[in-house]
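This report refers to the structure that appears directly beneath it.
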Protein chains: 2
Amino acid sequence: MILRSKDMKVLVHNEFLGGKGQLTNTHFLNNENACGSGRLFVKSMLTPGSSIGYHTHKGDFENYYILSGKALVNDNGTDYILEPGDSILCRNGDSHSIENIGDTNLEYIALILFDKDNA
Amino acid sequence: MILRSKDMKVLVHNEFLGGKGQLTNTHFLNNENACGSGRLFVKSMLTPGSSIGYHTHKGDFENYYILSGKALVNDNGTDYILEPGDSILCRNGDSHSIENIGDTNLEYIALILFDKDNA
């Protein structure tokens, strides 16, 4: 099944989870087609200065894979700078945040998958 | 958990699944950290003219999300051209192939997830 870019669901979130600015999620795979594997399959875009607030995952886990831009992430209380090609895994029970600290849009793949090993 | 680009597993496959040329998979999430949700989380790269042969998925499904380049995909017998931002879903029991028909490398996110609804 083909899903064209122009037909994808695009959701804009302001101050998402207590963050700043604007997050835009382009849903390249919709949940109803994910066969119970997860609940988010998107390309995320944060404009310069925008962020997603610090939050905890319960029952699922999230992976970010940076495509472009410069990210400051907090991984369970520790800050890291991520560049394109880097990834961060927030396990079931762990916490994270992400902020665009660069001059250009920050784009990354975000996947929230269910923890089937600890369901 | 941070996984730097330089520390990711990179696997090169020649004539993958009966295809042509070279496929390079960069594993941004390793299976042992995927909590049973799936078995492949990669950025794939096909050089111009390279392809993955037509094959069927059983028990899992695969989603491609095109990042750059121009792809010819076959989705259960029908050809489509995909551009950056497009995606293709190969459901459990369906078949697909992909070929780089452009002049530049074809890069895309490939996810193979388990079909939990029909396990």
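The values are calculated or read from the model by the stated rules, or taken from the named source; none is laboratory data. Quick caveat: nothing in here was measured; it's all calculated off a predicted structure. So basically every Cβ, Gly included, is an ideal-geometry build from the backbone, and we count neighbours across all protein chains shown. These accessible areas exclude ligands, DNA and RNA; they are computed on the full protein's heavy atoms, side chains included. Shrake-Rupley method; radii C 1.70, N 1.55, O 1.52, S 1.80 Å.
Just need the Rg to Rh number for chain B, please, alpha carbons only, Kirkwood Rh. Present the calculation step by step, with values, prior to reporting the outcome.
Working: Rg = 13.9 Å, Rh = 14.5 Å.
That ratio is 0.96, to two decimals.
Report the paramagnetic label zone for A:Ser95: residues of segment A:45-59 whose backbone N is under 16 Å from a point 7 Å from Cα along the Cα-to-Cβ axis.
Taking a point 7 Å out along Cα→Cβ of A:Ser95, the residues of segment A:45-59 whose backbone N falls under 16 Å are A:52-59.
Hey, got the average number of other protein chain Cβ atoms within 10 angstrom for residues in B:85-93? Let's see the in-between values first.
Numbers: counts 8, 8, 13, 4, 8, 1, 3, 1, 0.
For peptide B:85-93, the averaged partner shielding equals 5.
Given B:Leu29, B:Leu89, B:Asn14, which one lies farthest toward the positive end of the charge dipole of chain B, if we put +1 on the Cβ of every Lys and Arg and -1 on the Cβ of every Asp and Glu?
Value: B:Leu29.
With each label point set 7 Å from Cα along the Cα-Cβ vector, what nm distance links B:Lys58 and A:His55?
Distance between the two pseudo-spin positions: 4.0 nm.
Cα centroids of segment B:83-119 and segment A:13-91: how far apart, whole angstrom?
Taking the Cα centre of each part, segment B:83-119 and segment A:13-91 sit 22 Å apart.
Quick one: divide the alpha-carbon radius of gyration of segment B:54-119 by 2.2 N^0.38 Å and tell me what you get.
Working: Rg = 12.1 Å, N = 66, 2.2 N^0.38 = 10.8 Å.
For segment B:54-119, the normalised Cα radius of gyration comes out at 1.11.
Quick check: at a probe of 1.4 Å, how many percent of the accessible area of the protein assembly as shown sits on carbon and sulfur atoms?
Values: 4680 of 10100 Å².
Solvent-exposed carbon and sulfur of the protein assembly as shown make up 46 percent of the total.
Would you please give the FRET efficiency between B:Ser68 and A:His13, computed as 1/(1 + (r/R0)^6) with r the Cβ-Cβ distance and R0 = 35 Å, to the nearest 0.05? Kindly include the intermediate steps, with their values, before the conclusion.
On the way: r = 26 Å, r/R0 = 0.75.
The computed FRET efficiency comes out at 0.85.
Over the Cα atoms of the protein assembly as shown, how large are the radius of gyration and the largest Cα-Cα distance (Dmax), in Å?
Considering the protein assembly as shown through its Cα atoms, Rg and Dmax are 17.2, 50 Å.
Average partner chain C-beta neighbours within 10 Å, per residue of B:35-46? Can you show the working numbers first?
Details: counts 11, 8, 14, 5, 0, 0, 6, 1, 5, 0, 0, 0.
Average neighbour count from other chains, rounded to a whole number: 4.
Per residue of segment B:61-78, in order, report the coupling 6.51 cos²θ - 1.76 cosθ + 1.60 (Karplus, θ = phi - 60°) as ³J(HN,Hα) in whole Hz, putting x for Gly and Pro.
Here the 3J(HN,Hα) series is 9, 10, 10, 10, 10, 6, 9, 7, x, 10, 10, 9, 10, 10, 10, 6, x, 10 Hz.
Considering only protein heavy atoms, what per residue accessible area in square angstrom results for the protein assembly as shown with a 1.4 angstrom probe?
Values: 10100 Å² over 238 residues.
Heavy-atom accessible area per residue stands at 42 Å².
Can you pull out the buried accessible area for chains B and A, both sides counted, probe 1.4 Å, rounded to the nearest 100 Å²? Intermediate results must be reported in sequence, preceding the final value.
Details: alone 6680 and 6700 Å², together 10100 Å².
Counting both chains, the buried surface is close to 3300 Å².
I want to verify a result. In a Gaussian network model of chain B, Cα cutoff 10 Å, which of these has the top mean-square fluctuation: B:Leu11, B:Leu72, B:Leu46?
Between B:Leu11, B:Leu72, B:Leu46, it is B:Leu11 that shows the largest mean-square fluctuation.
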